[in-house]
Amino acid sequence: MKKYFIYISLFTAVILAACNSGSGTTSTPSSDPTISSLTFGAQDSLPGLAKAVFTIEERTDTGLIYNVDSILFGTRINKVVPAFRFNYTPASATIYTPSQTISLTGTDTIDFSERPMYIKVIAEDLSATKWYAIEVNVHQVDPDLYNWEKLSDNIYPTDGAGQQLVIIQDLLCIYVNYGTHNVAFVSEDGVKWKEHTVKGLPDNCDVRAILNTPDSLWYVDEKNVYTSVDGENWQTTDISTESYSMVSTLFHFNDSTWAIVQDDATGKYVLATAQSASQWVLHDTLPDNFPVSDFATTTFLSATNRRRAMVMGGFSAKGESLNTRWNVEFVPGQGYRWLNFSIAQPGFQELTGGALIAYADRFFLFGGVNANNQTGEYQLLESTDEGINWSVPDTLHNQLPASYTPRTKPSVAVDSRQNIYLVGGQSRTQVFSDIYRGRLNSIDW
């Protein structure tokens with residue numbers, strides 16, 4: 001009797017944690033060899049282990065124990081003390097791997113990286129045996145890694161005056177202005193490009209001001225508003241009867257297209273919104289330190305689930321290079337409220353010609369030049385607090401390829417599959433016509 005008591009203690013007191021399903025101890029040995037659960041205990045050096053949730057499938061032949069959600073990338077599973085629970089105390093439980101056989105005692109350290117791995121359970125009354133395959137899944141790719149690759153070079157002749165990337169109908173479209181005409185280069189994959197003639201845009205179009213909205217493209221120029229649904233054919237709306245002139249589009253926000261206009265009588269710059277090209281509503285007069293050209297914009301959903309937009313850097317109406325970061329949101333009962341984050345963080349440098357996106361709960365800023373028309377040392381900056389503070393990303397996880405040359409006026413867009421496309425730009429000595437694609441590994445997880 002003493003010997004039996006010691007044996008049972010071995011399987012109940014240790015991490016094996018065997019338990020009976022009944023309310024009391026049965027005097028009849030059980031014939032059930034099934035496992036009820038598997039858990040990993042927390043370890044200071046491997047905190048991800050304790051989060052693993054295992055599923056047990058009782059199949060007619062060999063059962064299966066596995067975790068649906070993979071353990072964090074980089075978590076070591078070669079020295080794990082597991083906790084198996086059984087529906088009834090077994091006579092024995094043994095782990096089999098290609099390199100070892102382990103009779104479980106509850107204190108064993110198991111290398112769960114070995115495959116295949118099985119556990120053999122013998123019922124307490126020795127009448128039944130159950131085998132389970134064990135699969136411990138660990139992410140094999142770093143979820144925080146951004147993969148960048150160059151897709152194409154020399155997409156278009158580089159004697160153009162400017163370029164802009166938009167995504168329309170799931171196609172990549174790069175507009176290039178050559179002074180006397182505009183051309184669109186279209187691609188499905190960023191590798192193969194086809195040239196298209198653009199009809200309806202002015203010959204001196206500042207293509208960098210073409211705005212991508214959910215349903216169409218917009219461009220404004222003094223007394224004309226241009227729109228296109230296919231990217232190739234543009235329609236003109238004449239607003240010459242209005243008392244203002246169009247200066248530049250800003251962004252598409254809260255179901256409206258936003259733009260900067262100039263009052264013909266006073267010369268003041270004013271915000272304007274429209275849901276159709278012919279009907280514009282004028283709002284607040286802009287402060288002197290609000291940009292009118294070469295700024296970067298993005299729209300996003302904040303951490304508090306509020307729709308916001310940001311206008312960053314650019315030139316003021318007086319031609320001054322700005323370090324402003326204007327943020328706008330609609331506040332019920334108050335209307336649209338603007339805040340300039342550069343007041344809280346005055347050390348952020350003046351910047352023009354940058355490209356901005358909201359992606360994976362952070363902002364990314366590409367390229368640009370400072371007040372001295374010099375490209376920055378870092379061509380990629382990130383903000384994890386919605387544009388207040390900026391820093392260089394961890395280069396172990398997010399770094400542009402070595403082939404990427406510092407530049408200003410690149411353009412950037414994100415497609416429906418969450419790929420980042422970074423196109424073109426220029427330096428003091430070179431115009432670029434290349435395209436890079438980047439993507440966060442875990443963006444769809």
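The values are calculated or read from the model by the stated rules, or taken from the named source; none is laboratory data. Note that the structure is predicted; figures quoted are calculated from it, not measured. Don't worry about glycine lacking a Cβ; one is built from the backbone with ideal geometry, like all the others, and counts go over all protein chains shown. In case anyone asks, the SASA skips ligands and DNA or RNA and just uses the protein heavy atoms, side chains included. Shrake-Rupley method; radii C 1.70, N 1.55, O 1.52, S 1.80 Å.
Annotations for the structure displayed:
- Residue pairs whose Cβ atoms lie under 6 Å apart, sitting 6 or more positions apart in sequence or on different chains, and linking a residue in the range 319-345 that is touching a residue at least 12 places away in the same chain (Cβ under 8 Å) to a partner that is open to solvent by 20 Å² or more (accessible area, probe 1.4 Å) and of a type in the set (S, T, Y), are V328/Y336; F330/Y336.
- Just one of the listed residues (G354, G319, G335) is loosely packed, with under 14 Cβ neighbours inside 10 Å and at pLDDT 95 or above, and it is G319.
- Criterion (over 30 Å from H397 (Cα atoms), part of a loop (DSSP other than H, G, I, E, B) and at pLDDT below 95) met by exactly one of D69, D108: D108
- Yes/no for W148 being open to solvent by 80 Å² or more (accessible area, probe 1.4 Å), at negative phi and not in a loop (DSSP other than H, G, I, E, B): no
- Residue among I435, I388 that alone is closer than 21 Å to V328 by Cβ and hydrophobic (A, V, I, L, M, F, W, C): I388
- Against the list (1) buried (at least 21 other Cβ atoms within 10 Å of the Cβ); (2) assigned to a loop (DSSP other than H, G, I, E, B), the condition Q164 fails is (2).
- In the range 30-49, of all residues being open to solvent by 50 Å² or more (accessible area, probe 1.4 Å) and not acidic (D, E), the one that is nearest to L126 (Cα to Cα) corresponds to S31.
- Selection within the range 371-423: residues that are surrounded by fewer than 19 Cβ atoms within 10 Å (Cβ to Cβ) and of a type in the set (D, E). The member of this set that is modelled with the lowest pLDDT is E377.
- For the range 290-315, the candidate set comprises residues that are more than 20 Å from R337 (Cα to Cα) and not in a strand (DSSP E or B); within that set, the residue that is most open to solvent (accessible area, probe 1.4 Å) is D294.
- Close Cβ contacts (under 7 Å, 6 or more residues apart or on different chains) running from residues in the range 119-130 that are of a type in the set (D, E, K, R) and modelled with pLDDT of 95 or more to residues that are assigned to a loop (DSSP other than H, G, I, E, B) and open to solvent by less than 40 Å² (accessible area, probe 1.4 Å) comprise E124/S30; E124/T89; E124/P90; E124/A91; D125/S30; K130/P33; K130/T34.
- Scope the range 234-252; condition within 18 Å of W338 (Cα to Cα) and either at pLDDT below 95 or surrounded by 21 or more Cβ atoms within 10 Å (Cβ to Cβ) (or both); matching residues: T249, L250
- E114 meets the conditions (1) without any contact (Cβ under 8 Å) to a residue 60 or more places away in the chain; (2) of a type outside the set (K, R); (3) buried (at least 18 other Cβ atoms within 10 Å of the Cβ) in every case but one. The failed one is (3).
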